[in-house]
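Have a look at the structure below before the remarks.
The values are calculated or read from the model by the stated rules, or taken from the named source; none is laboratory data. The structure presented is a predicted model; accordingly, all values stated were derived computationally and were not measured. Here the Cβ positions follow ideal geometry from the backbone for every residue, glycine too, while neighbour counts run over all protein chains shown.
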Amino acid sequence: MTAEDQTPVTKICGYDADSISLRGKDLIADVIGQYSFTGAFLLQALGRPPSKRQVELVDAVLVTIMEHGLVPSVVASRLTFHGAPDSIQGAVAAGLLGVGDRYAGTAGRCGEVAESLLAAGDMDAAAAALVADYRSRKQPVPGFGHPIHTGRDPRVDKLLDMVDAESTPRRAMLALEVALSEALGRPLVMNVSAVLAVLMLEAGIPSQMMRGVVLIARCASLVGHIYEESHSPVGDALWRGAEGAVGYAED
């Protein structure tokens with residue numbers, strides 16, 4: 001077979017006039033009513049039926065990261081809806097475009113770090129070397145510290161309790177916590193992004209997918225905010241507040 005004869009394929013979904021197939025399963029007979037949304041997402045993305053444990057862990061991640069108040073992405077959605085109430089998709093998209101490391105966490109980067117430690121022969125030594133590398137570049141290690149939850153992030157222990165003490169992703173992140181605290185000479189504990197990465201790795205989600213899981217959760221949050229905006233609006237107050245808080249000065 002020549003390269004010209006090889007037709008690109010997707011293994012996710014196919015359909016004809018009478019059926020829809022999702023990862024080899026009949027959507028009507030095998031998926032609808034059999035899978036939760038989280039389960040169907042994991043089936044679609046990872047290509048195999050998820051275990052009950054995987055669904056439980058990813059559900060916890062989605063619930064944890066879904067909502068954190070009037071963060072900038074929510075403000076962007078509400079203001080977009082205030083200006084264009086006929087475009088809920090535009091308002092959701094505006095908010096999603098503003099989801100980044102600062103206000104949605106660094107779970108994806110935490111996942112990359114944890115994966116590198118898991119691939120090392122000596123996790124403790126690898127953690128110490130990683131911390132030294134970040135410090136030499138004067139960059140913060142992702143997953144540690146929080147601008148609001150300056151002590152122990154109240155979500156951390158609850159989520160850590162969901163994974164076994166012998167979990168290798170958990171051990172990797174704890175090794176990093178120890179190495180960072182020793183390098184600084186003071187305790188610096190992991191934040192929720194680090195623990196979300198632990199749960200997702202435990203559920204078999206690679207780091208490249210983790211930002212996407214956060215986006216799914218935040219999308220749900222934005223829909224709720226936009227619905228509230230439609231009948232109990234704060235968009236005008238947000239606009240007026242910005243107008244009053246920022247002055248004009250000539251060069």
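Of these, Met210, Met162, Met200, which one is of a type in the set (A, V, I, L, M) and in a loop (DSSP other than H, G, I, E, B)?
Exactly one residue qualifies, and that residue is Met162.
In this structure, does Leu160 turn out to be aliphatic (A, V, I, L, M), closer than 22 Å to Pro50 by Cβ, surrounded by 18 or more Cβ atoms within 10 Å (Cβ to Cβ) and within 17 Å of the chain's Cα centre (by Cα)?
Against the criterion (aliphatic (A, V, I, L, M), closer than 22 Å to Pro50 by Cβ, surrounded by 18 or more Cβ atoms within 10 Å (Cβ to Cβ) and within 17 Å of the chain's Cα centre (by Cα)), Leu160 qualifies.
Can you go through Ala165, Ala217 and tell me which one is at pLDDT 95 or above and not polar (S, T, N, Q)?
Only one candidate passes the filter, namely Ala217.
When the residues of segment 13-27 are filtered to those that are closer than 20 Å to Pro50 by Cβ and hydrophobic (A, V, I, L, M, F, W, C), which remaining residue is surrounded by the fewest Cβ atoms within 10 Å (Cβ to Cβ)?
For segment 13-27, the residue satisfying everything is Cys13.
Report the residue count in segment 86-114 for those that are over 21 Å from Val189 (Cβ atoms) and either part of a helix (DSSP H, G or I) or in contact with a Gly (Cβ under 9 Å, 6 or more places away or on another chain) (or both).
10
Looking at (1) crowded, with 20+ Cβ neighbours inside 10 Å; (2) at pLDDT below 90, which one does Ala179 not meet, given that it meets all the others?
Of the numbered conditions (1) crowded, with 20+ Cβ neighbours inside 10 Å; (2) at pLDDT below 90, the odd one out for Ala179 is (2).
Condition first: of a type outside the set (A, V, I, L, M, F, W, C) and either surrounded by fewer than 24 Cβ atoms within 10 Å (Cβ to Cβ) or under 19 Å from Ala84 (Cβ atoms) (or both). Now tell me which residues in segment 192-220 satisfy that.
Selection gives Glu202, Gly204, Pro206, Ser207, Gln208, Arg211, Gly212.
Looking for whichever is within 26 Å of Glu243 (Cα to Cα), free of Cβ contacts under 8 Å to residues at least 60 places away in the same chain and of a type in the set (S, T, N, Q) here; the options are Thr10, Thr80. Which one fits?
Details: Thr10 fails: within 26 Å of Glu243 (Cα to Cα).
Only one candidate passes the filter, namely Thr80.
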